[in-house]
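Working notes, structure below.
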Amino acid sequence: MDIILVMSELSFIDTLRGPKILYMSIFDWTATFFVAVLINYFVYNKDNFSLVNTMKVFIVLIIIAVLSHYFFKVPTMFNYYLGLNSLQAVLDNRPTNSTN
């Protein structure tokens, strides 16, 4: 019973996304960079692993994220900074218990 009450307040992912810089989740940026490192490791092999290649993959992932959020009409703070959606749409999309 207690688990149901806790999950109804804030989900685990909402808790991870709590800490923010410029109202953007630190967790989302860190997880995206970690995925870029993994992709770089497996695509370029461990012998050619470099930060430059990792940053290229990271930028491609960010572009994919921006476009997918835009086309599926999921407002994000980063898309707001890029002028792709309104601030009100971002705030309306946030969880109600979130401390921004």
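The values are calculated or read from the model by the stated rules, or taken from the named source; none is laboratory data. Please read these numbers as outputs of a predicted model, since none were measured by experiment. Every residue, glycine among them, receives a Cβ derived from its backbone with ideal geometry; neighbour counts consider all protein chains shown.
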Quiz item: Any idea which residue in the stretch 50-100 is modelled with the lowest pLDDT, counting only those that are of a type in the set (G, A, S), surrounded by fewer than 12 Cβ atoms within 10 Å (Cβ to Cβ) and in a loop (DSSP other than H, G, I, E, B)?
Solution: S50
Exercise. Just name the residue that is surrounded by the fewest Cβ atoms within 10 Å (Cβ to Cβ) out of those in the stretch 19-49 that are touching a helix residue (DSSP H, G or I) at 6+ places or on another chain (Cβ under 8 Å) and assigned to a loop (DSSP other than H, G, I, E, B).
Key: L22
